[in-house]
Amino acid sequence: MVKCEKSPIPPESLAIEKQKGRNGSYKKPDVVEQLAKDFSNKCYICELKDISDPQVEHLVPHHNGRDIDDMFDWDNLFFSCPHCNGLKNKQEYEGKIIDCCKDDPEVHLHCLYDKGNVSI
Ligand SMILES: [Zn+2]
């Protein structure tokens, strides 16, 4: 995970789709294309590049559309591979993933060197 700069202006479809509530889509082509561009076409968690089936991932879960604001919030949308999106959806990770658009992940990494072993 590396620090990313997301474009400050949300793609147009997000506001339109939000009006449809839970039936709206947060993954229209303009959203996916802007996320791919902002994240250099890499999964924000594992940094896999040129993902064949990219996912629009929610940093804060929208709980199947019950949290409409989180579902369509541009600041909450991230570009990920299906593997990481699937893993991150486990409740044990909720609230524990670094927002790499606001926070530099490098600051959170601590390396320990001990007798030839490296721990991160
Ligand atoms: Zn990934």
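The values are calculated or read from the model by the stated rules, or taken from the named source; none is laboratory data. Computed from a predicted structure; not experimentally measured. Quick reminder, even Gly has a Cβ in these numbers, built from the backbone with ideal geometry, and neighbours come from all protein chains shown. Quick note on the areas: whole protein, heavy atoms, side chains included, nothing else; ligands and nucleic acids left out. Shrake-Rupley method; radii C 1.70, N 1.55, O 1.52, S 1.80 Å.
So that you can scan it fast, the table gives a plain yes or no per residue for (1) more than 16 Å from the ligand (Cβ to nearest atom); (2) touching a strand residue (DSSP E or B) at 6+ places or on another chain (Cβ under 7 Å); (3) hydrophobic (A, V, I, L, M, F, W, C):
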| residue | (1), (2), (3) |
| --- | --- |
| 30 | yes, no, no |
| 39 | no, yes, yes |
| 50 | no, no, no |
| 54 | no, yes, no |
| 75 | yes, no, no |
| 87 | no, no, yes |
| 106 | yes, no, no |
| 112 | yes, yes, yes |
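Yes or no: segment 5-20 includes at least one residue that is assigned to a loop (DSSP other than H, G, I, E, B), open to solvent by less than 60 Å² (accessible area, probe 1.4 Å), touching a residue at least 40 places away in the same chain (Cβ under 8 Å) and within 16 Å of the ligand (Cβ to nearest atom).
At the first step, the residues of segment 5-20 found to be assigned to a loop (DSSP other than H, G, I, E, B) are 5-12, 19-20.
Okay, now just the ones that are also open to solvent by less than 60 Å² (accessible area, probe 1.4 Å), so 6-7, 11.
Within this subset, residues satisfying the condition of being touching a residue at least 40 places away in the same chain (Cβ under 8 Å) are 6, 11.
This time we only want the ones that are within 16 Å of the ligand (Cβ to nearest atom), so: none.
No.
Could you tell me which residue of segment 53-100 is modelled with the lowest pLDDT, considering only residues that are small (Gly, Ala, Ser) and touching a helix residue (DSSP H, G or I) at 6+ places or on another chain (Cβ under 9 Å)?
So, considering only residues that are small (Gly, Ala, Ser) and touching a helix residue (DSSP H, G or I) at 6+ places or on another chain (Cβ under 9 Å), the one modelled with the lowest pLDDT is 65.
Sort out for me the strands (runs of 3 or more DSSP E) sitting completely within segment 30-120 that have 1 or more residues that are loosely packed, with under 13 Cβ neighbours inside 10 Å.
Those strands (runs of 3 or more DSSP E) span 112-114, 117-119.
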